[in-house]
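J.: My questions will all concern the structure given below.
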Amino acid sequence: MTRLPGIGLRRRILFLLTCFFVFSVVLTGRLAYLQFVRGAELRERAFNIRTHEVPVEAKRGVIYDRNGRELAISVNVDSIFAVPAEVEDPPETARKLADVIGLDYEWVLERLTQNQSFVWVKRKVSDEVSKAVKLLQLPGIGFTQESRRVYPKGTLAAHVIGFAGIDSQGLDGVEYIYDRELRGSPGWIVIEYDALGREIPQALHRYIPPTDGYDLYLTIDEVVQSMVERELDRIVALHQPKKATIIVMDPHTGEILGLGVRPTYDPNNYADYPPSTWRNFAVSDTYHPGSTFKPITAIAAVEEGVVDWNSRFSCGGSLVVEDRTIWCHSTHGGLDLTGVIEKSCNVGFMNIGLRLGKERFYRYYRALGLDSLTGIDLPGEAEGFTIPQEQCRKVDLAVMSFGQTLAVTPIELIRAMAVIANGGYLVTPHVAKEFRDKEGRVVTVLDWPVGPQVISEDTAREVRRAMEAVVKTGTGRVAYMPGYRLAGKTGTAQKTVGGVVSADVHVASFCGFGPAEDPRIIVLVVVDEPKGSYYGGVVAAPAFGRLMRDLYRYYEIPLVYTDEEEPRPRDGDRDVPDEVTVPDTVGLPVGEALAALREAGVRAAVAGDVGGEVVVRQTPGPGAEVPPGTLVILEVGEGDLGAELVTVPSVKGRSVADAALRLEQAGLHIRVEGSGIAVAQAPAAGAAVPRGTTVTVTFEPPPGSSSDLSGRTGP
Amino acid sequence: MSRRAPDYAIIVCVATLLAIGLVMVFSSSSVRAYVDFGDSYYFLKRQLAWTILGLGAMYVMMRVDYWEVRRHARLLLFISLLACLVVLIPGVGREAGGARRWIGFGSLQFQPSELIKLTIVVYMAWALSRNPERIRDFVRGVLPYVLLMGLVFFLIVQQPDLGTAVAIGMTVMVMIFLAGARLGHLLGLLAAGVPLVLLLIWSEEYRRRRLLAFLDPFADPHGSGFHIIQSILAIGSGGLFGLGLGRSRQKFFYLPAEHTDFIFAILGEELGFIGGLFVISLFLLLAWRGFRTAMAAPDMFSSLLAAGVTTLIVMQALLNIGVVSGILPITGIPLPFVSFGGSSLVFTMAGVGMLLNVSRYCSES
């Protein structure tokens, strides 16, 4: 038998028990530390490892025009994703997916074998693709609904609306500017997965619903916008310009009713178009306003009292400023202020500008916001610029007075002209009106400040009257329509190419509004580098006229006739001659067409390709019942009249603009060489050439002049 | 010698742990059982069978004359060593999870390392009580047992099963200590042993990684640190009262070995601090009652046997919880009574049977 355990053994057992006890306390302390001190952190950490937050896109707000017509909507489309751990046969699955969706096999396989619990295969697929993939019933491949942006009107107002990307994030236009409001805030589905990427049964699912974006109502009117797009298309077809823009605005509020740009793109497939087509000429690019700037010089001078409407100006065809002779496009003789504006007389404006002086000129230039952002709610706005005031010499001032050397953005110019139209106020041009929620309740009405009054009502009204004369009898007469009381100003500017003023590259523009007494609409048409004809009065003014005609009808603006204009029966006045029927002139040579229209008692204006010889279209159309004296606009084009010969007129001794006009009327094109007064032409005067032939005219400054700036500005 | 009733406190303690074990095995394994075997109860059923077998073993070992067992101590150890050797033979020992630990026929498999845990305790109790004075002599009284321990340690590490080897080694050392070895000898052994263990760890790539992962688990959260991080995340998620029974999240394949070596992590997650503290307390209670039995045992052998079995069980429990809660490096070691695993359960309960057997011969007080 062994001995009884001794005292030593007992002591050592007690020691061991103590060790165990101490270690147990340590372990308990460790548990407490993990579970209490670090509990929340570890729980959160574990949760984050186990869960995936699948974002639920908020429904992006709809973009409407001012009358609630949809311009941008979001539709639900399927997105295809994969849970790699559940994909049973990655190569086979990848092959099938690549086939059906049209993706690269290697790429799909790589995605399917990624060590992630969730990967996108292809987002926002078409219904057909989605159905085809669903039919495959591939394990591990799932579908979720996302919304895709659709622009139901295609290119309409593309540069206002912009576009949104794959994550429904606004990238351009109001989609970009108002992205935050349109986007709403995304929701989340929190799904708990096991370590192999499977959903844990009865797991925690948290659904945080998304907050949908607000609907945006624009100031754009789809009807007006369509007219703008139509006119732009016509300009592109007739003149193939490098770019063009038309802006239609309410001059009192700054609300943009229509804004179009060429070249354009379809926001539904924006990525298929070169990014240069996304550029918004109307706000992002500057151009030379040319003569459309002249009314601004006029209002500054009138406002400052350096000239008044009785002031007389004398145009001898040129003016010597400092040591340079600056040419007018014609010799206008004696003119009053209205005449200077009406005839767009450079000499007159130079005199006005010089009388006004540098300080005051620049003050008005700035007050009218021509060197500052308008604050329009479209991305990428640029600022206009000119010679810095401190570097401005007298000759620069003279030239600026008729709109040369200045560069402005179209939106800046229309805002400055709106000051004249609205009686002196600098408005903020804008395209957004208000936000509404999904129930249609107005959430935010955007507040667009109307700036300070920068000129007096009287000055504005007087300049409007002079601008009305421009349309009635001056350089803008192609846009004249009796009763419309349109006012406006043409602009033709030569562009500088590589720092040198080019004779061949022009910007044609027209800015006008109506009715002159109380303008309701202001329109700016800018055509950059038109081919062929390049005068504002020829390239831009017809679009203005057509737009105004349609806008007057659309807004039911009453026509008011002056005494000189054809008497028009007042409402209820039944004994005055009735309306006349517009004859059909389509297909007729221009001359015959004009005669036929005159006979019928309507007036006619020719627009379009001046090289054309046959009427291809007339507005109003044949058979329309119109008041006598209504303007019928004839569009001419290349007709099939054979080689009709025309006689080349003599342009010798004429200014560039006059020569061009004369040749145009004869159905010929002009090629300008040099500047000043026409000294030679080829073919010679009296020659019989086919219609549309280009006549090269050589111009030379009259003897004695050291420099020549004429021809830079046309009517 | 008159026999008394066995120590009921030990029975209650063990029964409670067994109950917790069954519940936790089911709770922690049901997901894996369903996914791997299509039967949520797969592991529970097996654990239940082993528990019944274990209860039988406990009853037998409580009833037999443990002096008979003492007589066969050498034979039992010899058989165990043989089994530990045989299991290493490829084709005989069954492999699972990269370790060759099981031998047997068909579904009747057992781990020799679990057998030798118990038989070496019996052998040591026998050997150390045979000539109590010899323990004072290092060469004749200590070294042979250290060498024996080294052999067993070496054999088990070959499987490899470092956790079990460590538990056995420490138990043997504790028994040498309890038997009265000189402290100087023990400290000398310690001084020689620690570098040896470190060398052993460093010599094997996976052990080294585990040790480094223990020191800084977040250095490689998806690789070597994964295990310990998931375990700590599970425990930390529990808080005071836990997520509730069956509500563990980490058991969804995040935590490996969730129903075996790391079952305590799931327990901590589902039952919280309270649950963990309760389990630790049960083992501490077991330690107290087991050592009390040892101190009141009628003789040296009984005393060493009771103390050895108690040490073996409680040591494993503390090591296991230490590993799971991240204060000891990872070694695979089951939580006695609670972790899934038949051999461990049956032999541990056989050991408890012997402990209870001894408690019937204890003197009063």
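J.: Are there any pairs, at least 6 apart or on different chains, whose C-beta atoms fall under 9 Å, with the first in region B:282-294 and at the interface with chain A (Cβ under 7 Å from one of its Cβ atoms) and the second outside any helix (DSSP H, G or I) and surrounded by 22 or more Cβ atoms within 10 Å (Cβ to Cβ), and if so, which?
T.: From region B:282-294, the pairs are B:A294/A:P5.
J.: Right, next: Exactly one condition in (1) surrounded by 17 or more Cβ atoms within 10 Å (Cβ to Cβ); (2) under 26 Å from B:L277 (Cβ atoms) is false for B:A33; which is it?
T.: (2)
J.: Shifting gears a bit: Given the criteria at pLDDT below 85 and of a type in the set (D, E), does B:D36 qualify?
T.: On the way: at pLDDT below 85: yes; of a type in the set (D, E): yes.
For B:D36, the condition - at pLDDT below 85 and of a type in the set (D, E) - is met.
J.: Here's a follow-up. Looking at B:G332, B:G341, can you tell me which residue is touching an Asp or Glu at 6+ places or on another chain (Cβ under 6 Å), more than 11 Å from every other protein chain (Cβ to nearest Cβ), under 17 Å from B:L255 (Cβ atoms) and of a type in the set (G, A, S)? Steps first, please.
T.: Working: B:G341 fails: touching an Asp or Glu at 6+ places or on another chain (Cβ under 6 Å).
Of the residues listed, the single one that is touching an Asp or Glu at 6+ places or on another chain (Cβ under 6 Å), more than 11 Å from every other protein chain (Cβ to nearest Cβ), under 17 Å from B:L255 (Cβ atoms) and of a type in the set (G, A, S) is B:G332.
J.: Something else about it: For region B:168-219, what are the residues that are touching a residue at least 40 places away in the same chain (Cβ under 8 Å), within 14 Å of chain A (Cβ to nearest Cβ), in a helix (DSSP H, G or I) and closer than 17 Å to B:A125 by Cβ?
T.: B:M170, B:T171, B:V172, B:V174, B:M175, B:I176, B:L178
J.: Pairs under 9 Å by beta carbon, first residue closer than 17 Å to B:L282 by Cβ and facing another protein chain (nearest Cβ under 7 Å) in region A:22-35, partner polar (S, T, N, Q) and assigned to a helix (DSSP H, G or I), six or more apart or different chains?
T.: Note: pairs meeting the criteria are A:S24/B:S281; A:T28/B:S281.
J.: Among the residues of region A:386-406, count how many are out of contact with any strand residue (DSSP E or B) (no Cβ under 8 Å at 6 or more places or on another chain), of a type outside the set (A, V, I, L, M) and part of a loop (DSSP other than H, G, I, E, B).
T.: Final tally of qualifying residues: 4.
J.: Okay, next question. Do we have any residue at all in region A:418-438 that's assigned by TED's automatic domain parsing to the domain that holds A:T496, over 23 Å from the mean Cα position of the chain (by Cα), under 25 Å from A:A487 (Cα atoms) and of a type outside the set (F, W, Y)? Let's see the steps before the verdict.
T.: At the first step, the residues of region A:418-438 found to be assigned by TED's automatic domain parsing to the domain that holds A:T496 are A:418-438.
Next, only the ones that are over 23 Å from the mean Cα position of the chain (by Cα) stay: A:423-424, A:436-438.
From what is left, the residues that are under 25 Å from A:A487 (Cα atoms) are A:423-424.
Adding the requirement that they be of a type outside the set (F, W, Y) leaves A:423-424.
There is at least one residue in region A:418-438 that is assigned by TED's automatic domain parsing to the domain that holds A:T496, over 23 Å from the mean Cα position of the chain (by Cα), under 25 Å from A:A487 (Cα atoms) and of a type outside the set (F, W, Y).
J.: Moving on to the next point. Evaluate the following for A:A46: is it small (G, A, S), touching an Asp or Glu at 6+ places or on another chain (Cβ under 8 Å) and buried (at least 20 other Cβ atoms within 10 Å of the Cβ)?
T.: Values: small (G, A, S): yes; touching an Asp or Glu at 6+ places or on another chain (Cβ under 8 Å): no; buried (at least 20 other Cβ atoms within 10 Å of the Cβ): yes.
No; evaluated as a whole, the condition is false for this residue.
J.: Let me ask you something else. Take the residues in region B:329-347 that are among the β-branched types (V, I, T) and modelled with pLDDT under 90; name whichever of them is farthest from B:W202 (Cα to Cα). Step through it out loud before you land on a result.
T.: Pass one, region B:329-347, residues among the β-branched types (V, I, T): B:330-331, B:333, B:338, B:346.
From what's left, modelled with pLDDT under 90: B:330-331, B:333.
Details: B:I330: 14, B:T331: 14, B:I333: 20 Å.
Looking at residues that are among the β-branched types (V, I, T) and modelled with pLDDT under 90, I get B:I333.
J.: Strands (runs of 3 or more DSSP E) wholly in region A:240-334 with at least 1 residues that are over 29 Å from A:W448 (Cβ atoms) - which ones? Steps first, please.
T.: Details: elements: A:243-249, A:256-262, A:312-315, A:318-321, A:324-327.
Where strands (runs of 3 or more DSSP E) fall fully within region A:240-334 and carry at least 1 residues being over 29 Å from A:W448 (Cβ atoms), they are A:312-315, A:318-321, A:324-327.
J.: Now for a separate question. Name, by its number, the condition in (1) modelled with pLDDT of 90 or more; (2) within 19 Å of A:A469 (Cβ to Cβ) that does not hold for A:L354.
T.: Against the list (1) modelled with pLDDT of 90 or more; (2) within 19 Å of A:A469 (Cβ to Cβ), A:L354 comes up short only on (2).
J.: Yes or no: B:S343 touching a strand residue (DSSP E or B) at 6+ places or on another chain (Cβ under 6 Å) and part of a helix (DSSP H, G or I)?
T.: Details: touching a strand residue (DSSP E or B) at 6+ places or on another chain (Cβ under 6 Å): yes; part of a helix (DSSP H, G or I): yes.
Here the answer is yes, as B:S343 does meet what is asked.
J.: Let me ask something additional. Please determine whether any residue of region A:72-85 is farther than 30 Å from B:Q316 by Cα, at pLDDT 90 or above and more than 10 Å from chain B (Cβ to nearest Cβ). Don't jump to the end; show me each part of the working.
T.: Restricting attention to region A:72-85, the residues satisfying the condition of being farther than 30 Å from B:Q316 by Cα are A:72-85.
Those left that are additionally at pLDDT 90 or above: A:72-73.
If we keep only those that are more than 10 Å from chain B (Cβ to nearest Cβ) too, we end up with A:72-73.
Yes.
J.: Search region A:488-501 for residues being in contact (Cβ under 8 Å) with a residue 60 or more places away in the chain and among the hydrophobic types (A, V, I, L, M, F, W, C), and hand back the single one that is surrounded by the most Cβ atoms within 10 Å (Cβ to Cβ).
T.: Narrowing region A:488-501 to residues in contact (Cβ under 8 Å) with a residue 60 or more places away in the chain: A:489-495, A:501.
If we keep only those that are among the hydrophobic types (A, V, I, L, M, F, W, C) too, we end up with A:493, A:501.
Details: A:A493: 29, A:V501: 17.
It comes out as A:A493.
J.: Within region A:122-132, is there a residue that is in a loop (DSSP other than H, G, I, E, B) and either crowded, with 21+ Cβ neighbours inside 10 Å or not assigned by TED's automatic domain parsing to the domain that holds A:D167 (or both)? I'd like the intermediate steps shown before the answer.
T.: Initially, region A:122-132 is screened for residues in a loop (DSSP other than H, G, I, E, B), giving A:126.
Filter once more, so that each one left must be either crowded, with 21+ Cβ neighbours inside 10 Å or not assigned by TED's automatic domain parsing to the domain that holds A:D167 (or both): none.
The answer is no, given that none of the residues of region A:122-132 is in a loop (DSSP other than H, G, I, E, B) and either crowded, with 21+ Cβ neighbours inside 10 Å or not assigned by TED's automatic domain parsing to the domain that holds A:D167 (or both).
J.: Within region B:132-141, can one find any residue that is closer than 27 Å to B:V87 by Cα, more than 14 Å from every other protein chain (Cβ to nearest Cβ) and either surrounded by 14 or more Cβ atoms within 10 Å (Cβ to Cβ) or among the aliphatic types (A, V, I, L, M) (or both)?
T.: Step one: of region B:132-141, the residues closer than 27 Å to B:V87 by Cα are none.
Checking region B:132-141: not a single residue is closer than 27 Å to B:V87 by Cα, more than 14 Å from every other protein chain (Cβ to nearest Cβ) and either surrounded by 14 or more Cβ atoms within 10 Å (Cβ to Cβ) or among the aliphatic types (A, V, I, L, M) (or both).
J.: Does B:F252 qualify as being within 29 Å of B:I120 (Cβ to Cβ) and within 14 Å of another protein chain (Cβ to nearest Cβ)? Before the answer, list the steps.
T.: Details: within 29 Å of B:I120 (Cβ to Cβ): no; within 14 Å of another protein chain (Cβ to nearest Cβ): yes.
No.
J.: Report yes if B:T331 is in contact (Cβ under 8 Å) with a residue 12 or more places away in the chain, assigned to a helix (DSSP H, G or I) and among the hydroxyl-bearing types (S, T, Y), otherwise no.
T.: On the way: in contact (Cβ under 8 Å) with a residue 12 or more places away in the chain: yes; assigned to a helix (DSSP H, G or I): no; among the hydroxyl-bearing types (S, T, Y): yes.
When the stated conditions are applied, B:T331 does not pass them.
J.: Just name the residue that is farthest from the chain's Cα centre (by Cα) out of those in region B:243-271 that are surrounded by fewer than 24 Cβ atoms within 10 Å (Cβ to Cβ) and within 29 Å of A:C19 (Cβ to Cβ). Break it down stepwise before answering.
T.: The first filter runs over region B:243-271 and keeps only residues surrounded by fewer than 24 Cβ atoms within 10 Å (Cβ to Cβ), leaving B:243-247, B:252-254, B:256-257, B:260.
Among the residues that remain, those that are also within 29 Å of A:C19 (Cβ to Cβ) are: B:257, B:260.
On the way: B:A257: 16, B:T260: 12 Å.
Of everything passing the filter in region B:243-271, B:A257 is farthest from the chain's Cα centre (by Cα).
J.: Another question, then. Hey, can you tell me all the residues within region A:335-366 that are of a type in the set (A, V, I, L, M, F, W, C) and either assigned to a helix (DSSP H, G or I) or not assigned by TED's automatic domain parsing to the domain that holds A:R477 (or both)? Give the derivation first.
T.: Step one: filter region A:335-366 for residues of a type in the set (A, V, I, L, M, F, W, C), giving A:335, A:337, A:340-341, A:345, A:347, A:349-350, A:352, A:354, A:356, A:361.
Of everything in region A:335-366, those that are of a type in the set (A, V, I, L, M, F, W, C) and either assigned to a helix (DSSP H, G or I) or not assigned by TED's automatic domain parsing to the domain that holds A:R477 (or both) turn out to be A:L337, A:V340, A:I341, A:V347, A:F349, A:M350, A:I352, A:L354, A:L356, A:F361.
J.: Of the residues A:G8, A:G68, which single one is in contact (Cβ under 8 Å) with a residue 24 or more places away in the chain and either assigned to a loop (DSSP other than H, G, I, E, B) or not assigned by TED's automatic domain parsing to the domain that holds A:Q137 (or both)? Give the derivation first.
T.: Details: A:G8 fails: in contact (Cβ under 8 Å) with a residue 24 or more places away in the chain.
Just a single option satisfies the conditions, and that option is A:G68.
J.: In addition: Filter region B:266-278 for residues that are facing chain A (nearest Cβ under 10 Å) and in contact (Cβ under 8 Å) with a residue 24 or more places away in the chain and give the result.
T.: From region B:266-278, those facing chain A (nearest Cβ under 10 Å) are B:268-269, B:272-277; that's our starting set.
Within region B:266-278, B:G268, B:E269, B:G272, B:F273, B:I274, B:G275, B:G276 qualify.
J.: Scan A:T18, A:T2 and give me the residue that is among the hydroxyl-bearing types (S, T, Y) and at pLDDT below 85.
T.: That would be A:T2, the only listed residue that is among the hydroxyl-bearing types (S, T, Y) and at pLDDT below 85.
J.: Restricting attention to region A:627-652, which residues are in a strand (DSSP E or B) and at pLDDT 75 or above? Walk me through it before giving the result.
T.: So in region A:627-652, the residues in a strand (DSSP E or B) come out as A:631-637, A:645-647.
Listed by number, the residues that qualify are A:L631, A:V632, A:I633, A:L634, A:T647.
J.: Collect the residues in region B:348-364 that are hydroxyl-bearing (S, T, Y) and modelled with pLDDT under 90, keeping them in residue-number order. Full working, then the answer.
T.: Going residue by residue through region B:348-364, those that are hydroxyl-bearing (S, T, Y) are B:348, B:359, B:361, B:363.
Once the filter is applied, which keeps residues that are hydroxyl-bearing (S, T, Y) and modelled with pLDDT under 90, region B:348-364 yields B:Y361, B:S363.
J.: If you scan region A:427-448, which residues turn out to be out of contact with any helix residue (DSSP H, G or I) (no Cβ under 8 Å at 6 or more places or on another chain) and either acidic (D, E) or farther than 25 Å from A:L413 by Cα (or both)?
T.: If the condition is that a residue be out of contact with any helix residue (DSSP H, G or I) (no Cβ under 8 Å at 6 or more places or on another chain) and either acidic (D, E) or farther than 25 Å from A:L413 by Cα (or both), then A:E434, A:R436, A:D437, A:K438, A:E439, A:G440, A:R441, A:V442, A:V443, A:V445, A:D447 are the ones that fit.
J.: Now for a different question. Conditions: (1) over 26 Å from A:V25 (Cβ atoms); (2) aliphatic (A, V, I, L, M); (3) under 23 Å from the mean Cα position of the chain (by Cα). B:M295 meets all but one. Number of the miss?
T.: Condition (1) is where B:M295 drops out.
The values are calculated or read from the model by the stated rules, or taken from the named source; none is laboratory data. Predicted model only: the values in this text are computed from it and were never measured. Every residue, glycine as well, gets a Cβ built from its backbone with ideal geometry; the counts of neighbours run over all protein chains shown.
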